[in-house]
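Below: one structure, written as structure tokens.
The values are calculated or read from the model by the stated rules, or taken from the named source; none is laboratory data. On a predicted model such as this, the values are computed, not experimentally measured, just so you know. Counting neighbours? That spans all protein chains shown, and the Cβs are built from the backbone with ideal geometry, glycine included. Each accessible area value is taken on the protein alone, full model and side chains, heavy atoms only, with ligands, DNA and RNA left out. Shrake-Rupley method; radii C 1.70, N 1.55, O 1.52, S 1.80 Å.
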Amino acid sequence: MSRIGNKPINLADGIAIDVNDGNLVTVKGPKGSLTQLIDKDININVEDGVLSVSRPTEQKRHKAMHGLYRSLISNMVEGVSNGYKVELELVGVGYKASAQGKILELNLGHSHSIYFEVPEELSVSAETLKGKNPIVTLEGIDKQLIGQVAAKIRSLRKVEPYKGKGVKFVGEVIRRKAGKTAAK
């Protein structure tokens with residue numbers, strides 16, 4: 001039984017949901033609008049500001065899609081009402097970040113600067129304070145897109161376990177390994 005799929009989604013004021021042809025869900029809110037194509041077997045009901053997702057049978061496939069589509073719609077509702085924000089921290093001597101419009105310039109210890117183009121749907125900013133590591137902030141309404149872009153930026157210089165240098169999420173705990181031990 002899907003516990004997530006059975007949980008109703010409360011819609012705040014200003015959120016409008018439109019279901020076309022039973023498989024295209026459009027969520028509109030103060031921050032923008034998102035669409036998601038869903039399976040034709042999954043049923044969506046909106047009554048009195050509460051959205052519920054139901055499945056036709058107890059097949060394994062229907063159970064899996066039930067929770068998936070409920071989570072996707074919930075993320076869309078959260079995105080158009082509040083938005084999402086991900087912060088990345090650049091840990092390392094000489095690591096720098098600067099943002100001009102949709103272009104993010106990163107100096108991550110390579111012989112060259114990396115120019116990363118951020119999608120139009122997201123906004124990016126870079127902040128460098130004296131004595132602290134640079135912080136890159138991604139903001140937008142699409143949770144999946146923000147996660148994908150953050151993972152791509154993080155993959156440019158993964159955190160290594162010995163010194164902890166690299167690109168990491170703010171608040172992420174890195175498991176550190178012990179280095180070489182000295183001989184007797």
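So if I check each of 141, 114, 103, 153, which one is farther than 30 Å from residue 35 by Cβ and not basic (Lys, Arg)?
114
Being closer than 18 Å to residue 81 by Cβ, at pLDDT 90 or above and assigned to a loop (DSSP other than H, G, I, E, B) is the filter; apply it to region 12-40 and report the residue that is most open to solvent (accessible area, probe 1.4 Å).
Across region 12-40, the extreme among qualifying residues is 31.
Would you mind stating whether residue 132 is charged (D, E, K, R), without any contact (Cβ under 8 Å) to a residue 60 or more places away in the chain and closer than 15 Å to residue 166 by Cβ?
Taking the combined requirement at face value, the residue does not satisfy it.
Among 17, 42, 38, 9, which is of a type in the set (Val, Ile, Thr), in contact (Cβ under 8 Å) with a residue 24 or more places away in the chain and under 26 Å from residue 151 (Cα atoms)?
Step by step, each of 17, 42, 38, 9 is checked, and only 38 is of a type in the set (Val, Ile, Thr), in contact (Cβ under 8 Å) with a residue 24 or more places away in the chain and under 26 Å from residue 151 (Cα atoms).
Report, by residue number, each residue of region 1-11 that is assigned to a loop (DSSP other than H, G, I, E, B) and among the charged types (D, E, K, R).
7
Just one of 93, 86, 77 is at pLDDT 95 or above and hydrophobic (A, V, I, L, M, F, W, C); which is it?
86
Given the criteria out of contact with any Cys (no Cβ under 7 Å at 6 or more places or on another chain), open to solvent by less than 40 Å² (accessible area, probe 1.4 Å) and farther than 30 Å from residue 173 by Cβ, does residue 44 qualify?
In short, yes.
Which members of region 54-70 meet the condition of being open to solvent by less than 50 Å² (accessible area, probe 1.4 Å) and in contact with a helix residue (DSSP H, G or I) (Cβ under 7 Å, 6 or more places away or on another chain)?
The answer is 55, 66, 67, 70.
Could you please give the count of residues in region 41-67 that are assigned to a loop (DSSP other than H, G, I, E, B) and more than 26 Å from the chain's Cα centre (by Cα)?
7
Pairs, please: C-beta under 7 Å, at least 6 apart or cross-chain, first residue under 22 Å from residue 10 (Cα atoms) and in region 57-75, second among the small types (Gly, Ala, Ser) and in a helix (DSSP H, G or I)?
Listed by first residue and then by second, the contacts come to 66/5; 67/5; 70/5.
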